[in-house]
Amino acid sequence: MSQFRTRRIHELSPEERAVYATLKPERLPEHVAIIMDGNGRWAGRRSLKRFLGHQQGAKAVRQVTETAARIGLPWLTLYAFSLENNLRRPRAEVSFLMRLLESYLEDNVQRMIDNNIRLRYIGRTYDLPPQVQEKMRYVENATARSTGTTLTLALNYGGRSELVDAFRGLAAEIKLKHLSPDRISEEDIHRHLYTAHMPDPDLLIRTSGEMRISNYLLWQIAYTEIFVTDRLWPDFRGIHLLEAIADFQRRERRYGGLGEDCGEVEENPEQIRIAAG
Ligand code: FPP
């Protein structure tokens, strides 16, 4: 899927422009998803409290999002708060993250509009505190007319619970329309995901070095290229997004097919003698 992109390359920093110049504009990803990890470690390495790491992390969110908007990236999806974060982190940290989100939304709504960014959410957001939901709705509405990057925040999100919600929705549809379960297709499952309106991510970035998916977009990343960097999220900037895209462009995506350098294809498979054991 390719859509018209408005680019504002002149607004990139000189360093970002130098990396952008190495990219093939016709092969930019449509959708980048990011697991923003390492806020706590960033603070720990400086003998600071964890909340200061989250605060720096919020600044990184703004900077990376604005670079994404300048290069005309259509979809950017950030893992901002998982179901597991909600259940397993100390209450004080959860409540700080909620207040940080609220003030991020309040402080950045005008910048988002100026950058033509539309804000959306995925996850069980109905379980978030009511005043946070109210702010979320306000910014979603305020940015609804933006036509540039769609920034999606995954909030109170879990990949397995998204699948549970999708299957519940699909089961209800099957019952209502008296459909046969044999006819369920991948497309039917896709239609019931939180992400039904967007393409699957082309590139998944994870900061701070962990080689895990952490219950993020499980269905959607079947053919996504994964880029893991040791850099901690609060140190991640637009230039690092561009470097990850440069790495992505050097890869060959095969979707289960054959690539270049794959060996000669046998024209006559029946004539091959099989020597097995
Ligand atoms: C991981 O750091 C990050 C999170 C818990 C979620 C991301 C949150 C932010 C970037 C801050 C605010 C976001 C918005 C949208 C305003 P961690 O605490 O797991 O780091 P650690 O693994 O080093 O402890």
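Numbers below:
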| quantity | calculated |
| --- | --- |
| Qualifying positions in segment 123-140 - more than 12 Å from the ligand (Cβ to nearest atom) and within 21 Å of LEU73 (Cα to Cα) | GLU140 |
| Residue match in segment 16-24 (condition: within 12 Å of the ligand (Cβ to nearest atom) and either part of a strand (DSSP E or B) or among the β-branched types (Val, Ile, Thr) (or both)) | no |
| Number of positions in segment 150-189 that are aliphatic (A, V, I, L, M) and within 30 Å of THR65 (Cβ to Cβ) | 8 |
| Which listed residue, of ILE205, ILE213, is surrounded by 11 or more Cβ atoms within 10 Å (Cβ to Cβ), assigned to a strand (DSSP E or B), β-branched (Val, Ile, Thr) and modelled with pLDDT of 95 or more | ILE205 |
| Top-ranked residue of segment 221-258 - restricted to ones that are surrounded by 10 or more Cβ atoms within 10 Å (Cβ to Cβ) and small (Gly, Ala, Ser), ranked as farthest from ASP200 (Cα to Cα) | GLY238 |
| Selection count where residues are over 14 Å from ASP235 (Cβ atoms), more than 11 Å from the ligand (Cβ to nearest atom), in contact (Cβ under 8 Å) with a residue 12 or more places away in the chain and among the polar types (S, T, N, Q), scope segment 34-67 | 1 |
| Single unsatisfied condition, LEU100 versus (1) over 30 Å from ALA43 (Cβ atoms); (2) at pLDDT 95 or above | (1) |
| The one condition in (1) of a type in the set (Lys, Arg); (2) within 13 Å of the ligand (Cβ to nearest atom); (3) buried (at least 19 other Cβ atoms within 10 Å of the Cβ) that ARG70 fails to fulfil | (2) |
| Filtered residues of segment 143-183 (kept if of a type outside the set (S, T, N, Q) and within 16 Å of the ligand (Cβ to nearest atom)) | LEU151, LEU153, ALA154, LEU155, TYR157, GLY158, GLY159 |
| Subset of segment 82-117 [outside any helix (DSSP H, G or I), more than 10 Å from the ligand (Cβ to nearest atom) and under 20 Å from ALA60 (Cβ atoms)] | ASN115, ILE117 |
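The values are calculated or read from the model by the stated rules, or taken from the named source; none is laboratory data. Note that the structure is predicted; figures quoted are calculated from it, not measured. Note: ideal-geometry Cβ built from the backbone for every residue, glycine included; neighbour counts use all protein chains shown.
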